[in-house]
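The values are calculated or read from the model by the stated rules, or taken from the named source; none is laboratory data. Treat the numbers as computed from the prediction; the structure is a model and nothing was measured. Glycine also receives a Cβ, built like all others from the backbone with ideal geometry; neighbour counts cover every protein chain displayed. Only protein heavy atoms, including side chains, enter the accessible area calculation; ligands, DNA and RNA are left aside. Shrake-Rupley method; radii C 1.70, N 1.55, O 1.52, S 1.80 Å.
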Amino acid sequence: MNVEQNTERDLAKQYLLNTKEHVFLTGRAGSGKTTLLQEVIQATDKNTVVVAPTGVAAINAGGVTIHSFFQLPPSNFLPVDRSFMGEGYTTRSLLKQHLKVSEDKRRLIQELEMLVIDEISMVRADLLDAIDFTLRYLRGSTQPFGEVQVVMVGDLYQLPPVVNEAEWSAFKDYYKTPYFFDSLVWKQAKMIPLELKKVYRQKDQDFLDVLNNIRDGKPRPEDLALLNTRHVSNEEETNDAILLTTHNRKADRVNQKELEAIKNPKLVFEAKVSGKFNEWTYPAAERMVLKKGAKIMFIRNDREQRYYNGKLAEVMNYDSELKKLQVKFQDDKTTCWIEKATWENIKYGTEDSGDIKQEVVGSFTQFPVRLAWAVTVHKSQGLTLDAVQLDLESSFAAGQTYVALSRCTTLAGLVMTSEIKAKHVIIDQRIRRFYEGFPEANTIAERLPMAEKAFALYRIQRRFKLFSLLINLQKWKKYVDKSGFSEKKEYTNVLDEIHDALFKLKDTSKEFQKHLQGWSAQSMTDDKMLDHLLDRSDKAIVYFTNTIFEKMVKPLHKHISDIQHKAKVKKYLSLAVKLYDELWRKIEQLYGLSLFDQKICSAEKQHQKTDLPDWKSARIQTTKKKGATYDITLEFFREGLSIPAIAEKRSLATGTIETHMTKWLKAGKIKITELLPEQRLKELIIAKKQITKYDGFNDLIGQMNQMKMDCSYSELRWLVWYMEESGVEV
């Protein structure tokens, strides 16, 4: 997709990457919302989580469902503190009782910086308020969404929220509409609306104009007349394109009828499901029945770009040995062998460093296709199709006609089995009024510099937070209290000393952040206050790093050094080491603090890990398991020791260490340039190419003797392996 010269897109990207503003990212069908979102997630260094209202939407977005991430009960939420008479409803007080989250989940939410909510149009007002309440409660904040940047992505003209009459009778006292923009938090959050207006799916401007009028609920008579030129009067005149219809039962009926009409034997494919993967989120059929000649549609994009979500094809063959399906693409008539694809069920967690990580907890493997003589308008969401048949006679939902029409890239590709009338263009006027209230793009652009400045100042405040240190300390203390170590003074004295020092620093941190917040607000318009903020931050860095080093790192380092050889302290020791590493991480973070790419700390680094004796390496060596000698060498190498230094430290021959490194090179744990600097590697390759090949090519000693430059046996062994692996001509 060509995304050049798109002002709205560039502006949206800047807001998402460089500010902490809440953003509503919207746009017409085919405007590239998903592509932009994926780019931002790849580029940002913010701790980011992606959620969606349904399981299928979450899997497609590479995230998790809203309810599973926030551990929300499967009930409706009412924004009141009192209890509510009636089943199926949760209030603030009940939700607070329900939120018994683990330390890891609490830490994950504390470290969260950006929350992306995909398919926001399906999220009801009460659910958005439940998200807001949960974030505020678990982060101990009174600010909207607990100060997490929330990015809402979707098009309200496409997928509406679902609310029945009974639910609405309870909601109507609190919400004007069920839409997310009538939630209580929306009114507080000062959301930045950013609409992508350039459409990449359709190139024909006349067709685009018609679609835009349909989307806005203002079709002109000439728009309907133009669309109805694509109406055919009988079935014989329809093309072979996929049929989009309004109801599941009709799509299923058409697909089964067409499949049964094919006389070829059935091809049955069972999905492979592993780990945790709920049935209602399966992205494809668990038991897929196809035949040679069956019409299919791909339901995901291929990493090798052979197919994309919505591409149509025909089943040609199946190879049972290769377990591959041969298909012929409808557009260019080329054939291709495809394999099953795997969808992953993601769970979010945190690293010891505090960074948010993704963990795959389940997978679903199946051919990424579905029968495609017919599909519902709802399931066509997000598809790009070159040719479409439309059956919109029973259109019943707001936006349904627009979604169906906008799947097709050209007017010429449309065939309609019934005429479109004005009654088929259903729009919720509340949505139109909401969009009409958006500020102009240039007004939003004018706010960007100040928003970027506010974000940079906010990040300074975050660096002085000590949450990750407190979490690691509490884990260590909790283990001591329940494991019997609490009876041993030599352990508890150190723990108490560090505990007291950290909590005193926490109080200082809290007070300093209040000052930072005030100075930051004034710094937005007063450069003198900005200079004051930077000066005080500079001094604070020195104070915080000195306190952490003297009061926590040094006593903890001595304690670990004293107990590392003792038996039955493995778990205790690992928790102490995690806190130790986290303390050093905080020191490095503070030293590296910058504003607009300028370092804040003016003094030289006073504290570095190398200033203290290397207890960690000794501990690993004394506690190693049998057969772990290669691992020890790799760990020393990772710590920056040279091969001769490792050999000396381990009292082993240099050749032995080089053998260890050869194993790790071939295993892909280290790169050739870590053993042979780039310039030397180039020189060795040239020298190697100049020698005569022996009959016994593997005779490295013979080759080494012919080399026209000094080269050790191990260097030549690494070189030969590299040249063979990378295909360098010998």
Practice item. For region 59-98, enumerate the residues that are open to solvent by 30 Å² or more (accessible area, probe 1.4 Å), touching a Ser or Thr at 6+ places or on another chain (Cβ under 9 Å), closer than 30 Å to THR365 by Cα and at pLDDT 80 or above. Key: GLN71
Check your understanding: Residues in region 361-368: is at least one at pLDDT below 90, within 23 Å of the chain's Cα centre (by Cα) and open to solvent by 70 Å² or more (accessible area, probe 1.4 Å)?
Key -> no
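Output the number of residues of region 440-473 satisfying the condition of being among the acidic types (Asp, Glu) and in a loop (DSSP other than H, G, I, E, B). Steps first, answer last, please.
Our first condition is that a residue be among the acidic types (Asp, Glu); within region 440-473, this holds for 440, 446, 452.
Next, only the ones that are in a loop (DSSP other than H, G, I, E, B) stay: 440.
The total comes to 1.
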Exercise for review: Kindly check whether there is at least one residue in region 135-143 that is surrounded by fewer than 20 Cβ atoms within 10 Å (Cβ to Cβ), assigned to a helix (DSSP H, G or I), free of Cβ contacts under 8 Å to residues at least 24 places away in the same chain and in contact with a Ser or Thr (Cβ under 7 Å, 6 or more places away or on another chain).
Suggested key: yes
Review point. Taking region 422-450 as the search range and keeping residues that are touching a residue at least 40 places away in the same chain (Cβ under 8 Å) and small (Gly, Ala, Ser), which one is surrounded by the fewest Cβ atoms within 10 Å (Cβ to Cβ)?
Key: ALA422
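For region 404-439, name all the residues that are of a type outside the set (Val, Ile, Thr) and in a loop (DSSP other than H, G, I, E, B).
ARG407, LEU411, ALA412, GLY413, SER418, GLU419, LYS421, ASP428, GLY437, PHE438, PRO439
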Practice item. Please give the number of the condition VAL101 fails out of (1) hydrophobic (A, V, I, L, M, F, W, C); (2) at pLDDT below 90; (3) crowded, with 23+ Cβ neighbours inside 10 Å. Key: (3)
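Return the residues of region 298-351 that are of a type in the set (Phe, Trp, Tyr), at pLDDT below 75 and in a loop (DSSP other than H, G, I, E, B); say none if nothing qualifies.
Within region 298-351, just TYR308 meets the criteria.
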Check your understanding: Given the conditions (1) within 22 Å of the chain's Cα centre (by Cα); (2) open to solvent by 40 Å² or more (accessible area, probe 1.4 Å); (3) hydroxyl-bearing (Ser, Thr, Tyr), which single one is not true for SER121?
Key -> (2)
Practice item. Among the residues of region 692-730, write down those that are assigned to a loop (DSSP other than H, G, I, E, B) and either modelled with pLDDT of 75 or more or within 21 Å of ILE643 (Cβ to Cβ) (or both). Key: MET707, MET709, ASP710, CYS711, SER712
Review point. Scanning region 661-691 for residues that are of a type in the set (S, T, N, Q) and open to solvent by 20 Å² or more (accessible area, probe 1.4 Å), which turns out nearest to LYS708 (Cα to Cα)?
Key: GLN690
Review point. Quick check: is even one residue across region 600-611 surrounded by fewer than 18 Cβ atoms within 10 Å (Cβ to Cβ), at pLDDT below 80 and on the phi > 0 side of the Ramachandran plot?
Key: no
Check your understanding: Filtering region 463-488 down to residues that are of a type in the set (D, E, K, R) and closer than 25 Å to SER594 by Cβ, which residue is surrounded by the fewest Cβ atoms within 10 Å (Cβ to Cβ)?
Key -> LYS465
Point to revise | Single match in LYS311, LYS347, LYS295, LYS324 (criterion: over 30 Å from ILE109 (Cβ atoms), out of contact with any Lys or Arg (no Cβ under 7 Å at 6 or more places or on another chain) and open to solvent by 60 Å² or more (accessible area, probe 1.4 Å)) | key: LYS324
Check your understanding: How many residues does region 534-590 hold that are open to solvent by 10 Å² or more (accessible area, probe 1.4 Å), polar (S, T, N, Q) and under 35 Å from the mean Cα position of the chain (by Cα)?
Key -> 2
Check your understanding: Looking at (1) modelled with pLDDT of 75 or more; (2) touching an Asp or Glu at 6+ places or on another chain (Cβ under 9 Å); (3) crowded, with 24+ Cβ neighbours inside 10 Å; (4) among the small types (Gly, Ala, Ser), which is the one condition that is false for SER406?
Key -> (2)
Revision key, fill the gap. The lone condition GLY484 fails out of (1) at positive phi; (2) at pLDDT 85 or above is (2)
